[in-house]
Amino acid sequence: MEQSISEKISNAIKTGQSLDLDLGKGKKLKLERRLPFLLVYRFSDEKGKMFAELVTGEASYLTASTYLNAKSEIVRLILSSSKSISEEFRAVMIMEIWVNPNEPKMFTINSGKNKSPETVETILKGLQGYSESHGLEVKVNYTPQRHPPNLFPLLTLEQCREAGIYLIGLEIPGFFLNPDKGEFYPLVYEDFKRFFSKLIRKSVYDFLRVQTTFGIKHYQMLGTTNISKHAWDVEKQLSQVQKKYQFLLLISPVNTIEAKQSFIENKYLLKPKFIYRLLPVDPDRLKEKLFQISISEVEDPTLRFLFMDKREELEKQITMLKERGTKNFMHTSIRLYNAVDHSLYNQAKSLLQEIPPENESQEPLADCRDLLEASKREISLYQQTNSSINPKIIIKDDIVGMLVSQGNLYIGKSFKVPKKQLQAMVHHEIGTHVLTYFNGIHQPFTQLSSGFADYDELQEGLAVFSEYLCGGLSANRLRILAARVIAAHCLTEGYDFPSTFRVLFETYRLDEKTAFEITARIHQSGGCTKDIIYLRGLISLLEYLKEGGDLEILYVGKIALKHISLVQEMKLRGIIRPPALIPRYLSTEEGKQRLAVARQGIKLKNLIMNKP
């Protein structure tokens, strides 16, 4: 071994400085910090190199040639460092992992008898749980042979005793391979890698907790804290693709007001003709660029999963842009947002039947200028905590309602709301959508500002919940959310525009303007089920809070409920920071009281304006 490499390894071991050393031909030594464990994978060919990915997402590992053995120079350095670390922390664990392509179903744990039984038990139980759902089996061999049967030992047991090393071997069956057909099942393998990463950290954590003095509070803190340049590049490329278009604006018509007038003049009989913005991108070329991003080379399993999930979402959005105005648009929207299920439909129907419409014809109204000024006031209050929050607020004559895109607030020129709901709408848009965008751009990952995959549902659930927390969720507002679900159900059942409108207008007694606007949103671009996520997101959020879920973590950026465990993991690893801003409505006495009521469990119809 070159002297410089030897010196780098020795220095990293002594100082605890991060080492990410390329040993050539896919071999690598990574010591992110001074940790009392090391994962080892030895391989000789490209297939073996691929399986080495089972360890390369972790904080301390060695991938090496099959020629590596107890007499190798690098092993001598590992022994020396292990002895030093074990003297400091009492023990070190080295786990060698290998895939046996000729073994179809049996995991084998190779350990010494009564040596770190808690570690063996953690691996055993974890693999048993996985095996039950995949038709696999697990066994424990108490044996001095802790290495692949066709290779020389990495370390002798005598070397391990002298250095204070607990050596364990784990053979993984090639259940994601079919040697007879020469087939490899990548989705099965990816699923196993995500599971295996968590299992490894749990087993190492139990070893450290019981056998060492190494203080650590959670197994996820063993994950890597240094993100590779390639992972940053992938994250940046995904964000660049998403910034090429503003999805919601591009699928929304620009002539809704004129179309409504025409629809009314034709006595609700003719489908209105909508006009859309020109596409600023070529969907086919943008999709090509999207799939040129090399996500599979990201070593960190958590980040790789998030990136792949986001790519799938972007692919669906780009496909929808190409399909505007066709029936296929609706089908792809169902792939992106799902359709209305039986439970959601019944809950929406019950809300419309049980909550009578309010007569707001005499209510004083706030117009677009009122909304703009109220939004500016709200932003100024947040700026007292963090002056860098400074979104643009733009009044546009070609949109209906309010929406946030890329952190900026757009208000329709014709949009009006009852003044009693003015602050609720501001909290919805500024205190939720703008705030989470702002919090996201202050995270290392810009994906948290543009949104992890499927973030929309939780975003809208939080935004509607903010209306409840400030006492501004009206009966008519809740009826609108329910009516959107009914309209989406009509869409997927084959109702045309006039028929959907009549269901809302005649059956559920929505006023003419509201019934038209909901129908237009649902039938836009060929049919879009996005609007079901408001009520569905609210229902999911209420269930999460009832079960004791942490509310503050939901504001770190734009995430989905399915990401909470991943966000918690990345917080423990130091990759994600706490939110820069917390919504103001969570700090008011009314907000606190209403949150406490929601945590006890609250019916949807009881969310409307009343005292907590």
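A few points about this structure:
- Residue match in the range 430-449 (condition: at positive phi and either open to solvent by 20 Å² or more (accessible area, probe 1.4 Å) or assigned to a strand (DSSP E or B) (or both)): no
- Number of residues in the range 1-23 that are open to solvent by less than 30 Å² (accessible area, probe 1.4 Å) and closer than 18 Å to Ser65 by Cβ: the value is 3.
- Residues located in the range 212-234, provided they are surrounded by fewer than 18 Cβ atoms within 10 Å (Cβ to Cβ), in contact with a Leu (Cβ under 6 Å, 6 or more places away or on another chain) and either basic (Lys, Arg) or assigned to a helix (DSSP H, G or I) (or both): Met221
This table checks each residue for (1) at pLDDT below 95; (2) touching a Ser or Thr at 6+ places or on another chain (Cβ under 9 Å); (3) open to solvent by 70 Å² or more (accessible area, probe 1.4 Å).
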site: Phe516; (1), (2), (3): no, yes, no
site: Gln524; (1), (2), (3): no, yes, no
site: Tyr544; (1), (2), (3): no, no, no
site: Leu551; (1), (2), (3): no, no, no
site: Val556; (1), (2), (3): no, yes, no
site: Arg573; (1), (2), (3): yes, yes, no
site: Pro578; (1), (2), (3): yes, no, yes
site: Tyr585; (1), (2), (3): yes, yes, no
site: Ile608; (1), (2), (3): yes, yes, no
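- For first residues located in the range 559-577 and on the phi > 0 side of the Ramachandran plot, partners that are open to solvent by less than 60 Å² (accessible area, probe 1.4 Å) and lie 6+ apart or on another chain with Cβ distances below 7 Å form the pairs Gly574/Thr225.
- Pairs with Cβ under 9 Å, 6+ apart, first in the range 467-495 and on the phi < 0 side of the Ramachandran plot and open to solvent by 10 Å² or more (accessible area, probe 1.4 Å), second hydroxyl-bearing (Ser, Thr, Tyr) and part of a helix (DSSP H, G or I): Cys470/Tyr585; Asn476/Thr514; Ile480/Thr514; Ile480/Tyr534; Arg484/Tyr534; His489/Tyr345
- Looking across the range 343-399, the residues that are part of a helix (DSSP H, G or I), closer than 20 Å to Gln423 by Cβ and either of a type in the set (Val, Ile, Thr) or in contact with a His (Cβ under 9 Å, 6 or more places away or on another chain) (or both) come down to Glu378, Ile379.
- Strands (runs of 3 or more DSSP E) wholly inside the range 106-204 containing at least 2 residues that are buried (at least 21 other Cβ atoms within 10 Å of the Cβ): 106-111, 165-173
- Qualifying residues in the range 28-85 (those that are among the acidic types (Asp, Glu) and under 21 Å from Phe152 (Cα atoms)) - the one most open to solvent (accessible area, probe 1.4 Å): Glu46
- Some residue of the range 388-408 being open to solvent by less than 10 Å² (accessible area, probe 1.4 Å), small (Gly, Ala, Ser) and at pLDDT 90 or above: yes
- Extreme residue, nearest to Phe192 (Cα to Cα), among residues of the range 295-351 that are over 16 Å from the mean Cα position of the chain (by Cα) and aromatic (Phe, Trp, Tyr): Phe329
- Lone unmet requirement of (1) in contact (Cβ under 8 Å) with a residue 40 or more places away in the chain; (2) more than 21 Å from Glu543 (Cβ to Cβ) for Tyr455: (2)
This table checks each residue for (1) in contact (Cβ under 8 Å) with a residue 60 or more places away in the chain; (2) aliphatic (A, V, I, L, M).
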site: Ile74; (1), (2): yes, yes
site: Phe89; (1), (2): yes, no
site: Ile94; (1), (2): yes, yes
site: Leu127; (1), (2): yes, yes
site: Gln145; (1), (2): no, no
site: Leu157; (1), (2): no, yes
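The values are calculated or read from the model by the stated rules, or taken from the named source; none is laboratory data. Since this is a predicted model, take the numbers as computed values, not measurements. Every residue, glycine as well, gets a Cβ built from its backbone with ideal geometry; the counts of neighbours run over all protein chains shown. For the accessible areas, the whole protein counts, side chains as well, though only heavy atoms, and no ligand, DNA or RNA atoms are used. Shrake-Rupley method; radii C 1.70, N 1.55, O 1.52, S 1.80 Å.
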